[in-house]
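Written below as structure tokens is the structure these notes are about.
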Amino acid sequence: MKVLGIETATLVCAAAVVENGNIISEKSFTEPNIHSEKIISVIDEVLNTAGSFDAIAVSIGPGSFTGLRIGVSTAKGLAYSTGKPVVAVSTLEALVFNIISNRASDENEIVAALIDARRDEFYTALYNIRGNEMKVILKPQALRFNELLSKLPLTQVAFVGNGVPKFRQLIETNNYGSENLKFYPDSINFCSASSVAFIGEKLLNSGVTENITELEPVYIKDFQTLVKTL
């Protein structure tokens, strides 16, 4: 089964096609405010290589409100026009899959996925990973820095996501001990359409699909405008 993955939750605008655990084609841009302009051409480019797709996996958040709406709307439009099934993939879980697909061992590991939620907040969740499996140990939520620290276990925790640079800066500013904190190379912190597609492939193989009329992004917190009203 060829699965088309769509990722627009952060600055990353990406698409990928995977099949049986292998990447057939992938294309990614990391720029602000290009998602509405680029996502269709990015999908067309990966499909020119892959040839076709059998299902769609879309990153549904948390993340940028605008980016998520664009990604979900695109997935719905493709589903309506092609009749292909759709699965929804947590953006935080897709980030954790970046680690699963890039580490050398299958040892047990606690991972915190972090997406910058602006101001002093992070979208985050904690997962226990072993091999290719992940288990949620702290459900997705928006937390301030000190709240996040209070939720961390006393054992070693690895961090992944575009919120990592801000988190590390706050660690240094507040002189917080980092002996139990583990950080991967920066390239792991970018959202990946192939990770979305791989998780989607697993869900589809388990018989999971979405009702596209009810599919909506997962925002976690309400939209907040930076414009003052009179």
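Bear in mind that the values in this text are calculations on the coordinates, not laboratory data. Quick caveat: nothing in here was measured; it's all calculated off a predicted structure. Quick reminder, even Gly has a Cβ in these numbers, built from the backbone with ideal geometry, and neighbours come from all protein chains shown.
Between THR155 and ARG103, the modelled label-to-label distance comes to 1.1 nm, taking each label 7 Å out from Cα in the direction of the beta carbon.
To the nearest ten degrees, helix 35-50 and the longest principal axis of the Cα atoms of the chain are 60 degrees apart. Across the range 68-83, coupling constants 3J(HN,Hα) worked out from phi with the 6.51/-1.76/1.60 Karplus curve, θ = phi - 60°, read 5, 4, 5, x, 5, 4, 5, 4, 5, x, 5, 5, 5, 7, 10, x Hz, and Gly and Pro carry x. Here's the list of lysines a cross-link from LYS182 could span, going by alpha-carbon distance under 17 Å and ignoring same-chain residues fewer than 8 apart: LYS151, LYS166. Summed over qualifying helices (DSSP H, 4 residues or more, each -39500 (n - 2.57)) and divided by its residue number, the chain shows a 222 nm mean residue ellipticity of -10000 deg cm²/dmol.
With r defined as the distance between the Cβ atoms of ARG118 and GLU179 and R0 fixed at 25 Å, what FRET efficiency is calculated, to the nearest 0.05?
0.30
Taken along the Cα-to-beta-carbon direction at a fixed 7 Å, the label points for ASN146 and THR213 span 4.8 nm.
Structure shown: which of LYS38/LYS221; LYS76/LYS202; LYS27/LYS76; LYS2/LYS135; LYS2/LYS27 lie over 22 Å apart, alpha-carbon to alpha-carbon? From the list (LYS38/LYS221; LYS76/LYS202; LYS27/LYS76; LYS2/LYS135; LYS2/LYS27), the Cα-Cα distance tops 22 Å for LYS38/LYS221; LYS2/LYS135. Listed by chain and number, the aspartates and glutamates placed with their C-alpha closer than 20 angstrom to that of LYS84 are GLU7, GLU19, GLU26, ASP44, GLU45, ASP54, GLU201, GLU210, GLU214, GLU216; residues fewer than eight positions away on the same chain are left out.
When the chain is treated as a Gaussian network with alpha carbon springs shorter than 10 Å, the biggest mean-square fluctuation among GLU45, GLU121, GLU147 belongs to GLU147. Highest GNM mean-square fluctuation among THR49, THR30, THR213, for the chain modelled with Cα contacts below 10 Å: THR213. Among GLY5, VAL96, LEU68, flag the residue with its Cα farthest along the positive direction of the charge dipole of the chain, charges on Cβ as +1 for Lys/Arg and -1 for Asp/Glu. Going by the charge dipole, the pick is LEU68.
For the chain, a crude dipole built from +1 on the beta carbon of Lys and Arg and -1 on the beta carbon of Asp and Glu, taken about the Cα centre, is about 420 debye to the nearest 20.
Once the Cα-Cα distance is subtracted from the 0.36 nm per residue extended length, the ILE34 to ASN22 segment shows a gain of 1.6 nm. Over the range 92-189, the fraction of Cα-Cα pairs per 5 Å bin, rounded to whole percents and listed from the shortest bin up, is 3, 13, 27, 28, 19, 8, 2, 0.
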